[in-house]
2 protein chains.
Amino acid sequence: MRIGELARRSGLSRDTLRFYERQGLIRSTPGPDATNSYRDYPEDALITLEQIADAQAAGISIADLTVLLGQLQAADPDTFDGEAFLQDRIDEVEARIARAERFLEGLKRAKAALAAPPVRR
Amino acid sequence: MRIGELARRSGLSRDTLRFYERQGLIRSTPGPDATNSYRDYPEDALITLEQIADAQAAGISIADLTVLLGQLQAADPDTFDGEAFLQDRIDEVEARIARAERFLEGLKRAKAALAAPPVRR
DNA sequence: CAAAACAGTGGAGTTTAGTCAACGGTTTTG
DNA sequence: CAAAACCGTTGACTAAACTCCACTGTTTTG
């Protein structure tokens, strides 16, 4: 598919998609019609883009993601010894989730406190 | 306590603390010794800083945090009707945690795939 | 009491993750 | 077949969250 369709279907802007491609997060091929310069994006780019969104929610930077996506997609060893790297990311993400959950509890308490006492004498 | 001690105990730089104060996230008083310009930070600034870190892990921006910290600390109604605002943040954080957990699973699968098959014919 | 460590101020600089504008080609569509 | 919609490239720009620097004044310490 071409970039416009990918943009529509992913909800991201064309600029963002090109930015991701420059960063090596997604890939495209020259497109079937070699007379123009239009690129062709594979169907599974949509899945990759979902993974990118998940990773960002987990606080992973694009730089780390470039490394990680390789690991996640082609879990092919001896390309990269990144087991330790992976474990570091896992620890990092777990810590972040724990913090986020702590914060979520605070939010819920605050909302309860706001909703409960219309006891305002 | 003075800013240096707060920096040491919180693990943040003095610059970051001053930045947070400019943003209205923490507060200080003129300090007991009024002859100098040194500020005094209350003990509970450390707790606030923990909450800030939690909020950031939850993907909350400093701008939103300025609003939220007021709600979280003094859960005093009729200052602010922010129940809807709070609920929006709650939804946002829950969605982010869900994504982060999805990503975490992917990381763990990738690590398992990397660790398991030293079957390398 | 002098040197080292610490504090405040102001303003400039950095990084990350995009976003925008301008331009010249290419398809699509009415 | 012309206008509208789309595409790629280049390069400048932005917002958020810090970070650094230079300078001056204040405490602490050996």
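Here, each number is a calculation from the coordinates, and none is a lab measurement. Quick caveat, the model's predicted, so the values are computed rather than measured. In this analysis, Cβ positions are derived from the backbone assuming ideal geometry, glycine residues included, and neighbour counts consider all displayed protein chains.
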**Request:** Evaluate the distance, in nm, between pseudo-label points positioned 7 Å from the Cα of B:Asp33 and of B:Leu12 along their respective Cα→Cβ axes.
**Result:** 2.5 nm
**Longest to shortest principal axis, alpha-carbon extents of the protein assembly as shown, angstrom** = 73, 39, 34
**Prompt:** Quick one: label points 7 angstrom along Cα→Cβ at B:Ala34, distances to the other copies in nm, smallest first?
**Reply:** 8.4
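Let me have the 222 nm mean residue ellipticity of the protein assembly as shown computed from DSSP H runs of 4+ only, each contributing -39500 (n - 2.57), with the sum over all residues rounded to the nearest 500. Please report the intermediate quantities before stating the final value.
On the way: 10 runs with 150 residues, N = 242.
Result for the protein assembly as shown: -20500 deg cm²/dmol, rounded to the nearest 500.
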**Request:** Quick one: with label points 7 Å out along Cα→Cβ, list the inter-copy distances for B:Asp88 in nm, shortest first?
**Result:** 3.8
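Can you pull the semi-axes for segment A:1-59, root of five times each eigenvalue of the Cα gyration tensor, sorted largest first, whole Å?
Numbers: eigenvalues 94, 23, 19 Å².
Taking √(5λ) for each eigenvalue gives 22, 11, 10 Å, largest first.
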**Message:** Considering all alpha-carbon pairs of segment B:3-115, what whole percent are spaced by more than 24 angstrom?
**Reply:** 43 percent
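From Cα pairs below 8 angstrom and at least 6 apart in sequence, can you work out the relative contact order of segment B:3-115, rounded to a whole percent?
On the way: 58 pairs, mean separation 20.7, N = 113.
Over segment B:3-115, the number comes to 18 percent.
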**Item:** Long-range amide H partners of A:Asp40 with built H, under 5 Å
**Value:** A:Thr29, A:Gly31
**Asked** Which chain A residue puts its Cβ closest to the axis that rotates A onto B, and at what distance in whole Å?
**Response** A:Ile97, 3
**Request:** Between the label point of B:Lys108 and that of the same position in each other copy, find the distances and list them shortest first in nm, with every label point placed 7 Å from Cα along the Cα-to-C-beta direction.
**Result:** 2.0
**Asked** Distance in nm between label sites at B:Arg2 and B:Glu105, each 7 Å beyond Cα in the beta-carbon direction?
**Response** 5.3 nm
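Peptide A:57-69: average number of partner chain Cβ atoms within 10 Å per residue?
Details: counts 11, 12, 7, 3, 0, 0, 0, 0, 1, 0, 0, 4, 2.
Averaged over the peptide's residues, the number is 3.
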